[in-house]
Structures are given as C-alpha cells and as structure tokens.
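The values are calculated or read from the model by the stated rules, or taken from the named source; none is laboratory data. What you see is a predicted model, and the numbers here were worked out from it, not measured in a lab. In this analysis, Cβ positions are derived from the backbone assuming ideal geometry, glycine residues included, and neighbour counts consider all displayed protein chains.
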Amino acid sequence: MKKANENTNENTNENTPAHAKNPVDQAEVHAVFGTGGLGLSLAEVLSRQGKKVRLINRSGQLPSGCFNPEWEIVNADASNPKAAAEACKGAAVVYHCMGLPYSEWKEHMPGMMAGLIEGAAQADAKLIYGDNLYAYGPVSGKLHEELPYRPVGEKTEVRANVAKQLMEAHSSGKVRAAIGRGADFYGPLVAMASLGADVFRHAGTGKPVPLLGSPDHLHTYIYIKDFARGLAILGEQEAAIGQVWHIPSAETVTTRQLVELIGEEAGGSPMRYRVAGRGMVRFLSLFSSMMKELKEMLYLFEQPFIVDHSKFEHAFGAVVTPHREAVRETLRWIRA
C-alpha cells in the first residue's frame, strides 16, 4: 500500500474498479467508517479474519494502491443520519475510524457521532469507536480507563463530549457501543501524526526530524496495526460492550529512543532533530494555523505520557508488535 491521506473524508482514487461497489452478502458485513490509516488497517485485519468488509467515506473511492477486490466501497456523509443508516444496513458491527483536521473537530465531530449512533441503532449493530486519549487532559501518572475527563481546551473538550455522547446512547439502550482508545500511532498509511510519514522519510537522510516538547520523556506510541487489531477484538467480544478500553501497545520508551530506532533501521546519516518547545510553538502559531491548533495539545509532549492497557490485557490478552518490527514494516512501506 502507498501513502493515504489521514483526512479520511478526502481520499480519492478515480481508478477504483467499478466492481468494488458491488453489494456483498449483507448478513456478515463489518462496516468501517473512515479510510485513513486506522480504517484501512482495520479493514485488512477484518479481511484476514474472513469478515466481509464495507468501507465508507464521502467520496466512495480509496487512496491509490489500497484497493482490495473483496471490499465493498460506499460513499456516505456520516453526519447525515439517513445516509449513515443506509450505509450501515445489514452490518453486524460498525466501526468509527474517521479523522478530521483539528480545525473541523468542534463543528463536525458531534454530528458524525450522532449519524453513526443512528445508523448502527437502525441496523441493530454494535458501534465501536476508535478514539484517542485527549479527553483525559493532562494526567500525573499512568493513563487508565477510570480517569475523569478534564478538558483543557476546545479539542480536548470535543473529544470528551463525543465520548459521553456515545456512552449515553449506550446507557439509554439506543445502541450497543464500546470505545477503544489508542495512544499516538505510527505505521503504514499514517501520514499526519507526531511520528508520521515525514519522520520515517527523513530517517537516514541527514534532514532534521521535527519533534514537539521534550523528546526525552517516556511516551507511549502504538503501531497502527495493533490499534486496528484491538478494535476488531472489541467488535467480536460481547464483554467489551458498554466500556472504555485502552488498546495494548508495545513497550513505552522515550520519543528520542523510538526515533533513534527508526534511524538505526533506516541506516545512513545519524538522526538530527528540530525540537519545538512551547515558546517556539507559540511564535510559529502566529504564522501557521497548524501550530495554532497544536498549542492546546503540547502538554502531551511536555511530561511523561504512559498508557496503561492492563484492563484490556486481563480481559482479552495482548498481542503487540515490538517497536523494531513495526519500524521495519513502516520503512518498507515508505520505500515502496
């Protein structure tokens, strides 16, 4: 597979074969909303398990190089309840893997969740939400599922509210739902992330790698395929429903240690860094809309960020990809 656009509603490929839209047997469908790195990785996991996969985005197309003739591709706007319900018809499980630019979260994320709740409810399907950990806000110590939500700004508040929106729908009996939260992810098809494709492209070239905050704090990162595998398990396990779960990841190391590992596997020149602290981010935000959005989230990289996944491991086990193996797979994707 080649690089995918992480804005899951903007992926296009005019060469997607027409037969990709042929209907499949509705009885066993697993419907995945979002065709960024997480949605496509989940589709691969589900296919390997023999599930029939329906992928949904606004274009009805997939990124170049990502076509699988066994997948059904559907165009639908998740924020339109009627369209979402049509896309969910016959599904046993619906997965929310949609992503948006930070600037669009407040306006669009609640409506997207409302549409998926309605669609999954009408299909009598489970709804599994692939979430991040922003809702907790800054935390002293390990992040675990019993922490209260303490938003510190617009983006953390939106994440908290959308999670509450889903679990309130579950509590009311409208839909059977679970939330699977993953740490900062990296891997094939991950473009926009703190360890996104550009970090891997710079490895071994001598170009400085852009990092945020302090790269010497412990920071949990999850391989995108492990995140996807965890969501698939939540979709299978009835015991998962009604709860929040932290998806297992490999050993927590510092950001610098992981980036040095990337450089080691890439070979070539030693890794160089361009680290932006709070002062630099504040200055750059005067000129960059992306940096302006990142200011709220900088706390994630200014203190240890250690995710506890013991609840999931005790309930369902934990099979994770060691960082070195995950880095090698990601570099192979970059070079392809």
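If M271 meets every condition in (1) modelled with pLDDT of 90 or more; (2) under 16 Å from L211 (Cβ atoms); (3) in contact with a His (Cβ under 9 Å, 6 or more places away or on another chain) apart from one, which number is that one?
So M271 meets the others, but not (1).
Are any residues in segment 248-260 part of a helix (DSSP H, G or I) and farther than 16 Å from H217 by Cα, and if so, which ones?
Listed by number, the list is empty, since nothing qualifies.
I want to confirm something. Restricting to segment 305-330 and keeping residues that are of a type in the set (D, E) and in a helix (DSSP H, G or I), which single residue is surrounded by the most Cβ atoms within 10 Å (Cβ to Cβ)?
Selected residue: E329.
How many residues are in contact (Cβ under 8 Å) with a residue 24 or more places away in the chain, of a type in the set (A, V, I, L, M) and part of a loop (DSSP other than H, G, I, E, B) when one looks only at segment 140-164?
1
Working carefully through the options Q257, Q243, find the one that is within 30 Å of K174 (Cα to Cα), out of contact with any Ser or Thr (no Cβ under 8 Å at 6 or more places or on another chain) and polar (S, T, N, Q).
After ruling out the rest, the residue left standing is Q243.
Among the residues of segment 286-295, are any free of Cβ contacts under 8 Å to residues at least 60 places away in the same chain, small (G, A, S), surrounded by fewer than 19 Cβ atoms within 10 Å (Cβ to Cβ) and in a loop (DSSP other than H, G, I, E, B)?
yes
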